[in-house]
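To start, the structure under review is shown below, and the notes come after it.
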Amino acid sequence: MLPKLQKMQSSLTVGWRAYHKISRKAVDALDLKETVTSSFGSFVSGVKVEQLSDVLLHRSKRMILDNIGVGLLGSTSHVFDICLNYCRHMFAQDPVSSVYGRSGLKLSPTLAAFTNGVAVHSMDFDDTWHPATHPSGAVLPALLAAAQMLPVNSKRSGLDLLLAFNVGIEIQGRLMRFSQEAHNIPKRFHPPSVVGTMGSAAAIAKFLKFNSKQCINALAIAASFAGAPMANAATQAKPIHIGNAARLGFEAALLASKGMEGSATILDDTPGCFGFSAFYGDYQPQEIPPLEQTCFLLEEQDMAFKRFPAHLGMHWVVDAAISVRQLATVNEGAFSPSMIEKIILRVPVSRYINRPFPKTEHEARHSFQFNACSALLDGDVSIDSFSESKLQRANLSELLNKVELQHPEDNLANFEKMYGEVVLVLKNNDILRGRCDTFYGHWRNPLSRESLVKKFKNNASYVLQQDNIEAIIESVENLENMKDCSTLSSYLE
């Protein structure tokens, strides 16, 4: 019996070794197989500055200039002061990174990213893309803080900054396009708190020159930091969505650089195991094509820049209200609330921007009714429109009480397809209509250089001297020639 047992044992050993050999081959094959997540890691780590086209450089520099401007303006807001004081009193370690509009004040890099990110969105004045998100605010504050963090012998150039910035924007755009749900005005969570966190992590990973595996881990860790509910829209908490995206994506990348690992398939639609797909019910991920076949999404679709500090949807109703006001002025000789019997706003269905009687500046920035009535009264909407004195005007209250919302079936809650229409029913029975299909500043009707620079100068003038304002404009417009991009941050205080 012993020889038989030995023969059986020998057979089992050979079989066991063969099984392990096959299993190892299967594992190796799995490692070699390209996944959605690994394609993102390869893209982030492998993309080169040579792939930044002239169109991409032009558009991304416009985004950077605009984002700095709204951040500087935002540093005058109350919510910014709250967050800055919190960071100063609670976390003062490694203060090397500049704070918008605060000369000589430094914070640790991730907290500077947080604070400056809050500034960017404190007035809802930052850029917007389609599918709907605010892409720049989650990325630029993190990169500017990281640039100051690096030692003298490891400084990054302006081209390095531009490349990392575009990587952070691209990752957000790719992720948003994995869901049809994401194309519409959001209902459940604020998109920058999700895709912005991922974009920040990718941008920092590129800026710090991570390898593909480190990039994947940065994205995986960032996914565990992502998310914020829409219930906090139109409150002081909403700006921290952008601040957290900048900070937490930054921290995710730093954790990955220290060796922390996450799911290697975080972006794949893995059966029975939710990764990034947990955020979207119709998630359908696709690999990023090889570098030589990749076209940046920003080359295909430009960015929307806001003319006044409010939710993007407000820009349609404001332009429609201005046009119908001009008709009323021509017909009646002057505009007065007393001439109006009823105001009809034909807008998409969206609960969080349907606010009939806003009580705070944050609610007003998210109110179809407020913005339409402000435009009717003043012929424009501006930074000052959201001041306490303007909010409390008796004639504004009179108009708000005359507003009726209608939601035509063809007016979709989608920044690519929506329109705004304002109808005035006058007491003399005249009916006047104004409609806007594409406002000035939308990606289909971009701001001119003159308009964008004018907006930047106006915003920056709240906290900076003229010399610094001009230096920022010149630096951004020539960013690809800057040897040390941390120089840009020195002008922001």
Being free of Cβ contacts under 8 Å to residues at least 24 places away in the same chain, of a type outside the set (S, T, N, Q) and surrounded by fewer than 19 Cβ atoms within 10 Å (Cβ to Cβ) is the requirement here; does residue 341 meet it? no
Subset of segment 127-179 (residues that are in contact (Cβ under 8 Å) with a residue 60 or more places away in the chain, open to solvent by 10 Å² or more (accessible area, probe 1.4 Å) and part of a loop (DSSP other than H, G, I, E, B)): 130, 134, 150, 155, 156, 157, 177, 178
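Taking only segment 442-467 into account, find how many residues are in contact with a strand residue (DSSP E or B) (Cβ under 6 Å, 6 or more places away or on another chain) and either in a strand (DSSP E or B) or buried (at least 21 other Cβ atoms within 10 Å of the Cβ) (or both). Walk me through it before giving the result.
Step one: list which residues in segment 442-467 are in contact with a strand residue (DSSP E or B) (Cβ under 6 Å, 6 or more places away or on another chain), which gives 442-443.
Now restrict to residues that are either in a strand (DSSP E or B) or buried (at least 21 other Cβ atoms within 10 Å of the Cβ) (or both): 442.
The total comes to 1.
To keep it simple, each residue is scored yes or no on (1) out of contact with any helix residue (DSSP H, G or I) (no Cβ under 8 Å at 6 or more places or on another chain); (2) assigned to a strand (DSSP E or B).
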| residue | (1), (2) |
| --- | --- |
| 377 | no, no |
| 381 | no, no |
| 395 | no, no |
| 405 | no, yes |
| 408 | yes, no |
| 411 | yes, no |
| 414 | no, no |
| 432 | no, yes |
What's the total number of residues in segment 240-278 that are over 30 Å from residue 84 (Cβ atoms) and open to solvent by 30 Å² or more (accessible area, probe 1.4 Å)? 13
Of the conditions (1) surrounded by 16 or more Cβ atoms within 10 Å (Cβ to Cβ); (2) modelled with pLDDT under 95; (3) part of a helix (DSSP H, G or I), the single one that residue 335 does not satisfy is (3)
Within segment 180-197, of all residues that are open to solvent by 30 Å² or more (accessible area, probe 1.4 Å) and assigned to a helix (DSSP H, G or I), the one nearest to residue 366 (Cα to Cα) is 183
Selected residue [of a type in the set (A, V, I, L, M), closer than 20 Å to residue 136 by Cβ and open to solvent by less than 50 Å² (accessible area, probe 1.4 Å)] from 55, 79, 36: 79
Does segment 198-236 hold any residues that are in a loop (DSSP other than H, G, I, E, B) and open to solvent by less than 30 Å² (accessible area, probe 1.4 Å), and which are they? 210, 226, 228, 233, 234
When only residues in segment 300-332 that are under 17 Å from the mean Cα position of the chain (by Cα) and not hydrophobic (A, V, I, L, M, F, W, C) count, which is most open to solvent (accessible area, probe 1.4 Å)? 307
Note on segment 95-126: residues in contact with a Pro (Cβ under 7 Å, 6 or more places away or on another chain), open to solvent by 10 Å² or more (accessible area, probe 1.4 Å) and either part of a loop (DSSP other than H, G, I, E, B) or in contact (Cβ under 8 Å) with a residue 60 or more places away in the chain (or both) are 96, 108, 123
Tally the residues that are of a type in the set (A, V, I, L, M, F, W, C) and under 28 Å from residue 69 (Cα atoms), restricting the search to segment 377-435. 7
Under 6 Å by Cβ, and 6 or more places apart or on different chains, what pairs join a residue from segment 412-430 that is acidic (Asp, Glu) with one that is assigned to a loop (DSSP other than H, G, I, E, B)? 416/130
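The values are calculated or read from the model by the stated rules, or taken from the named source; none is laboratory data. Because the structure is a prediction, the values reported are computed rather than measured. Glycine gets a Cβ as well: all are built from the backbone with ideal geometry, and neighbour counts include every protein chain shown. Heads up: the accessible areas ignore ligands, DNA and RNA and are worked out on the full protein's heavy atoms, side chains in. Shrake-Rupley method; radii C 1.70, N 1.55, O 1.52, S 1.80 Å.
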